Amino acid sequence: MTRSQMIAAAAGAVVIAGAAFGVGRMTSHPATTASAPAQEAGRKVLYWYDPMVPAQHFDKPGKSPFMDMQLQPKYAGDAPGEAGVQVDAARVQSLGVRVASVERGSLPSGVTATGVIDFNERDVAVVQAKAAGFVQRVYSRAPGDVVGAGAPLADVLVPEWAGAQCEYLAVRRTGDAALTQAARQRLQLLGMPPALVAAMERSGQVRNVVTVSTPIGGVIKTLSVRNGMTVSAGETLAEVNGLGRVWLNAAVPEAMAGQVRVGEAVTATLAAFPGQTFSGRVTTILPQAQAESRTLTARVELPNTGGRLRPGMFATVQFGGLPQSALLVPSEAVIRTGKRTLVMLARPGGRYEPAEIRVGREAGGKTEVLAGLAAGEKVVASGQFLLDSEASLSGVEARPVSTGGPPAATGPALHESVGRIEQISPASVTLSHEAVPAIQWPAMTMTFRLADPALARGMKAGERVGFAFEQTPNGPVVRRMTPAAAR
């Protein structure tokens, strides 16, 4: 036998063995099923079905016409829509099923974005010529130079000031106080700085050369004065941008823009200063989104001690935000199919049922549940994909999201929001609160009655609080109120 024939024979043997192994695997479960009783003690068989074609029902046991396997019994307690699928304890242990509770807790803001340091455009000084004249001298300045407050830029000769000063000195020698005051006021109207007028009065000599200087410290953005040039009154000679505080323009993804609010605390880290964090606050969220990147720009103002933060530097921004109360499940328990979002509910007696939910924010390994679950229910956090597959094969329909969990205990419907106390007394509180979407309330300031005077204990005007209120025929009543930082 040649070498090629030996290889072909060996390959054929492998294929035959694999086929035999596959047949063995396919037929092992039916044999076990066939040996099992058709009806367990105390349980009624509704019909038989093929797990691969669960929609087709048969009135007696036997072999499936679709697959080479025995039909499976469907018991009365396993009917679709009643209690899901049942898995025995041994199978649950082998699958590594882990169960977690649906509980209400605080979900911190998890928004992280990137940003770029920029100049603070609110801290700009424009240096202009007070009167027409000629530039006699320029100092060694250029755009981009960092200067301190009062740094000289140029010496400007103003011929018009010479005649007015001579007139003022002559009137002053007459001793007429009214005429002297009128002449002095004329000097001010001509744009002469008070310091120059005071120097002229002390020396008694005409001073028509003024030194133009920067009113604030910062970086020179533009400089348009040159030696020997003629300047006119009101002409812009330079622009200086302060560096005491800078802007950090953070690009927030559009999907997370609703979690960022004006006034919330922010921390930033820069590659230029490893291990250091810089704190600031969101001052504004620009009204227009970037079409290319689908981001919104959140403008953060940062103190720039020592001028270390330079415009153009790259930063990573972590938005703090206030923790908000929410119904939470472990993020690993959520099954996203693309069309809907599910969890597997753990029922008593080893039963499991899929339930459709609507989810919100996600942070710290927890996912917010907006609808479909109630606090106290149990969900499968590990092994849920296998259980969901079994439920799909068994034709079990997922509990619709409109169900919103099991019937809750009767009680008043509470609506939650966050606001700032404007006025407070043992009987009522006036709050400037955020919008309440559940009842279509916009953000506004209004007065609520307090259900218990103890709610006002320790609270004061100006404090930010989280509160829950009930709608009554006599108006809204606050049932719960706590400091916002503690929520």
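None of the figures in this text is laboratory data; all of them are computed from the coordinates on show. Treat the numbers as computed from the prediction; the structure is a model and nothing was measured. Note that each Cβ is placed from the backbone with ideal geometry, even for glycine, and that neighbours are counted across all protein chains shown.
Look at where the Cα atoms of segment 167-190 and of segment 301-365 average out, and the two centres are 73 Å apart. Amide H contacts for Arg399 (H built 1.01 Å from N in the peptide plane; partners 5 or more residues away or on another chain; cut-off under 5 Å): Ala355, Glu356. Set the Förster radius R0 to 25 Å, insert the Cβ-Cβ distance between Lys60 and Leu386 as r into 1/(1 + (r/R0)^6), and round the FRET efficiency to 0.05. Once the sixth-power term is evaluated, E becomes 0.25. The mean sequence separation of alpha-carbon pairs under 8 Å and at least six residues apart, normalised by the residue count of segment 123-276, gives a relative contact order of 38 percent. Karplus-based coupling profile of segment 210-216, in residue order and whole Hz: 10, 8, 7, 10, 7, x, 9, with θ = phi - 60° in 6.51 cos²θ - 1.76 cosθ + 1.60 and x standing for Gly or Pro. Counting only residues at least eight positions apart within a chain, or on another chain, the lysines with an alpha carbon under 27 Å from that of Lys60 are Lys44, Lys74.
For segment 219-377, a simple Cβ point-charge model (Lys and Arg +1, Asp and Glu -1, everything else neutral) yields a dipole of about 100 debye relative to the Cα centre. Centre-to-centre, using Cα atoms only, segment 241-288 and segment 89-126 are separated by 17 Å.
Let a ≥ b ≥ c be the square roots of the eigenvalues of the Cα gyration tensor of segment 414-486; is it rounded (a/c under 1.5), or, if not, prolate (a/b larger than b/c) or oblate?
Details: a/c = 1.58, a/b = 1.20, b/c = 1.32.
In terms of gyration-tensor shape, oblate.
Taking the Cα centre of segment 414-486 as reference, the dipole from Cβ charges on Lys and Arg (+1) and Asp and Glu (-1) amounts to some 160 debye.
FRET efficiency for the Ala199 to Arg308 pair, using the beta carbon distance and R₀ = 41 Å, is estimated at 0.60. Taking Lys and Arg as +1 and Asp and Glu as -1, the other residues whose beta-carbon sits under 13 Å from that of Gly263 total +2.
With only Lys, Arg, Asp and Glu charged, each at its Cβ (+1 for the first two, -1 for the last two), find how big the charge dipole of segment 104-193 is about the Cα centre; round to the nearest 20 debye. It comes to approximately 220 debye. Taking a straight line from the alpha carbon of Lys366, these lysines sit under 23 Å away, with near neighbours fewer than eight places off in the same chain left out: Lys339, Lys378. If you sort the three axes of the alpha carbon gyration tensor as a ≥ b ≥ c, you get a/c of 1.5 or more for segment 124-241 and a/b above b/c, which makes it prolate. For Glu121 and Ala374, the FRET efficiency from 1/(1 + (r/R0)^6), where r spans their Cβ atoms and R0 equals 56 Å, is about 0.65.
Our summary gives segment 274-386 a relative contact order of 20 percent, counting only alpha carbon pairs under 8 angstrom and 6 or more residues apart.
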